[in-house]
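Structure record follows, encoded as structure tokens.
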Amino acid sequence: MTDFIPVNEPLLIGNEKKYLEECIDTGWISSEGPFVKKFETEFAKTVNRKYGISVCNGSVALEVAVAASGIGPGDEVIMPTFTIISCASAIVRAGAVPVLVDAEKETWNMNVEQIEEKITKRTKAIMVVHIYGLPVDMNPILQLAEKYNLFIIEDAAEVIGQTYFDKPCGSFGDISIFSFYPNKHITTGEGGMVVTDNEKLAEKCKSLRNLCFQPQQRFLHDELGWNFRLSNIQAAIGVAQVEQLDNTIFRKREIGIRYLNNLNSLSNVQLPQLKTDYAENIFWVFGVVLCDVNYPDAPSVMELLKTKNIGTRPFFWPMHEQPVFHKMGLFQNESHPNAENIARNGFYIPSGLAITDEQIDTVSDILLELFD
Ligand SMILES: Cc1ncc(COP(=O)(O)O)c(C=O)c1O
């Protein structure tokens with residue numbers, strides 16, 4: 001039996017240790033330390049944005065982005081049902097209403113063709129979320145935003161280092177966000193970033209993440225903010241991780257392509273798409289969707305893989321099937337069949353940066369044995 005192969009293990013093999021030692025040697029461990037500014041600048045550069053505002057995770061980056069965009073009661077925001085709850089909760093907490101579109105069968109991204117029919121007088125923004133490594137088809141969304149004067153909030157948490165027609169993901173939103181959780185292409189343990197080219201929005205985000213302290217009189221507040229600051233220790237790791245980004249993306253592609261080659265004979269399992277017209281997959285995760293109803297369901301297969309020392313994670317569960325939102329009276333009787341199908345039949349297999357080719361082959365052999 002192989003040793004346990006975790007679904008994700010990060011790799012910290014650059015200057016992380018050196019920069020962390022610097023934090024300890026200098027005593028700079030809070031958010032006031034120099035690595036925070038450096039990380040914001042260096043990261044913003046990777047996505048061609050003028051401003052980067054670091055925060056303590058991707059979920060709060062969404063809260064800040066929604067709040068800074070002025071979204072509030074009476075507003076609607078169109079978003080995919082197939083995503084993490086942080087997207088919808090940021091909208092709901094702001095007092096606005098999320099309006100959902102289904103996922104595409106092939107890419108698992110939001111179905112762009114469903115957006116226009118959901119636009120009403122109350123629609124304020126489209127929240128775009130790039131899922132699992134392939135970007136959303138942005139051009140039609142940019143056209144809709146222009147036509148209906150809508151704001152774009154772009155969640156690029158899963159596509160650090162990805163491009164859409166050669167332009168970085170995270171450069172399309174009026175405001176865009178990232179997460180630096182350890183399964184992301186840049187990690188700081190926990191962490192996140194809001195990026196924008198709009199100076200006013202950037203100032204607003206900075207204020208919101210820091211309790212809305214005022215420069216003139218620090219402890220007098222016009223508005224309520226949060227303490228969502230990133231520490232110098234986390235940012236130090238982030239700076240080292242940015243230095244590695246090109247290698248990271250190269251390796252993630254290698255991992256994805258090795259799995260695709262190993263598993264391409266499987267006819268009853270949908271694998272990630274290698275590319276679209278506008279991007280090549282960077283395989284943030286390597287998802288598989290079971291297509292044959294005669295096979296055991298995804299939870300049983302995941303259990304079975306666990307007994308063989310293979311870690312897995314289920315796919316997201318759609319927003320329109322979340323009890324917490326039903327209790328609020330949201331999404332009653334909504335149906336989004338593609339999202340429902342991939343949520344029930346999808347899971348992802350080990351593909352963290354620390355995985356070896358040998359481990360990829362081991363996982364592949366076990367899947368081939370199971371499904372061939
Ligand atoms: C698309 C997306 N947005 C936001 C988040 C939230 O990020 P965090 O876990 O840093 O709060 C995640 C987390 O995986 C995500 O996948």
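No lab work stands behind these numbers, since they all come straight from the coordinates. Keep in mind that this is a model prediction, so the values were computed, not measured. Heads up, the Cβs are rebuilt from the backbone with ideal geometry, glycines too, and the neighbour counts pull from every protein chain shown.
Quick one: if the Förster radius is 35 Å, what FRET efficiency do L271 and I85 give, using the C-beta to C-beta distance and rounding to 0.05?
Result of the calculation: an efficiency of 0.85.
Using alpha carbon centroids, what distance separates region 114-170 and region 241-296, in Å?
22 Å
In region 1-37, what chymotrypsin sites (Phe, Trp or Tyr not before Pro) fall in a loop by DSSP, with at most 12 other Cβ atoms inside 10 Å?
Those satisfying the criteria are F4.
Per q in 0.11, 0.13, 0.17, 0.22 Å⁻¹, report the Debye log10 I(q)/I(0) for region 238-315, using one uniform scatterer on each alpha carbon and no solvent.
Those come out to -0.39, -0.53, -0.82, -1.12, one per q.
Just report the Cα centroid separation between region 335-372 and region 58-95, whole Å.
That distance is 30 Å.
Go ahead and estimate [θ] at 222 nm for the chain from helices alone: -39,500 (n - 2.57) per DSSP H run with n ≥ 4, summed, over the residue count, rounded to 500.
-11000 deg cm²/dmol
Per q in 0.08 1/Å, what log10 I(q)/I(0) does a Debye calculation on the alpha-carbon atoms of the chain return?
Debye output, listed in q order: -0.41.
Applying a 10 Å radius around every beta-carbon, put 57-69, 309-321, 340-352 in order of their mean neighbour count, most first.
Highest-to-lowest ranking by the protection proxy: 57-69, 340-352, 309-321.
Helices from the chain with mean Kyte-Doolittle at least -1.0 and a Cα length along the axis of 24 Å or more, per DSSP H: which?
245-263
Between rounded, prolate and oblate, where does region 173-232 land on the alpha carbon gyration tensor, with a ≥ b ≥ c its root eigenvalues, rounded for a/c under 1.5, else prolate if a/b exceeds b/c?
Oblate shape, in that a/c is at least 1.5 and b/c is the bigger or equal ratio.
If you put +1 on each Lys and Arg Cβ and -1 on each Asp and Glu Cβ, how big is the dipole of the chain around its Cα centre, in Debye rounded to 20?
Rounded to the nearest 20 debye, it is 1020 debye.
Take the cross-link list K18/K38; K121/K147; K184/K308 and give me the ones stretching past 22 Å between alpha-carbons.
K184/K308
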